[in-house]
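The values are calculated or read from the model by the stated rules, or taken from the named source; none is laboratory data. Given the structure is predicted, the values throughout are model-derived calculations rather than measurements. Glycine also receives a Cβ, built like all others from the backbone with ideal geometry; neighbour counts cover every protein chain displayed.
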Amino acid sequence: GCGKSMTALAIMGLLPEGFARAGGRIRLAGEDLAAAKPARLRALRGSAMSMIFQEPMTALNPVYTVGDQIAEALRLHQRLGRRDALDRALAMLRAVQIPAADRRLHAYPHELSGGMRQRVMIAMALACRPKLLIADEPTTALDVTVQAQVFDLLKALQDEMGTAIVLITHDLGAVADIADTVAVLYAGRCIEQGETRAVMRA
Ligand SMILES: Nc1ncnc2c1ncn2[C@@H]1O[C@H](COP(=O)(O)OP(=O)(O)O)[C@@H](O)[C@H]1O
Ligand SMILES: [Mg+2]
């Protein structure tokens, strides 16, 4: 409860109703998101920046197939037709290493395991090749072996696509493994920040 998710939601322009901004700036590739209009933030979300959450079941829509959900962002932001968007959705399912992806494309979220659902979320978040991906405790709901697979996947996709990843996690092993820089939050404040190796050593 130290404000990690709130910070992520603030970056995305998704703070709940009733939150007021006290100050500060949020820059994405030089653009101040804190000053951006809602329409601009809507255009950036899902294309320039996207976010994956702790519990994929609450973030996925139960009444649409995973293929249609991944395709939606592509149709909206990249103006692809249904056929092309589904082709790209299939390529994304393959990129996140979902077995039998062509069959899974037409599956509903409840037909997939927790690990598979989190991979679908990652596929959806990366479909438009955003500059920034925020992963808010993406593996907390998963068992340990699947956690490691998801971290490996994020790392591989980052190498491949060059997406900047803000990973929110309690898993210091994953931080040491994945992060170039780390910020340690405690009781709402950043109490330590720096190059991962230096922070770990200290
Ligand atoms: N900057 C902030 N200003 C006001 N309230 C905050 C702020 N950050 C966190 N909170 C409050 O603390 C609660 C927990 O924050 P959250 O970001 O969900 O913590 P976590 O670090 O566990 O993700 C939020 O629901 C909100 O009420
Ligand atoms: Mg949180």
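Computed values, structure above
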read-out: Test: residue in segment 51-64 that is buried (at least 16 other Cβ atoms within 10 Å of the Cβ) and of a type in the set (Ser, Thr, Tyr); value: no
read-out: Flag for residue 98 being farther than 14 Å from residue 57 by Cβ and within 16 Å of ligand 1 (Cβ to nearest atom); value: no
read-out: Top-ranked residue in segment 1-39 [being within 17 Å of the chain's Cα centre (by Cα) and part of a loop (DSSP other than H, G, I, E, B); ranked as nearest to ligand 1 (Cβ to nearest atom)]; value: 15
read-out: Qualifying residue in segment 150-166 (condition: surrounded by 14 or more Cβ atoms within 10 Å (Cβ to Cβ), among the aliphatic types (A, V, I, L, M) and within 16 Å of ligand 2 (Cβ to nearest atom)); value: yes
read-out: Count of residues meeting criterion [assigned to a loop (DSSP other than H, G, I, E, B) and either within 23 Å of residue 155 (Cα to Cα) or among the small types (Gly, Ala, Ser) (or both)] in segment 63-104; value: 6
read-out: Answer residue from segment 123-141, given it is within 13 Å of ligand 1 (Cβ to nearest atom) and surrounded by fewer than 22 Cβ atoms within 10 Å (Cβ to Cβ) and is modelled with the lowest pLDDT among those; value: 140
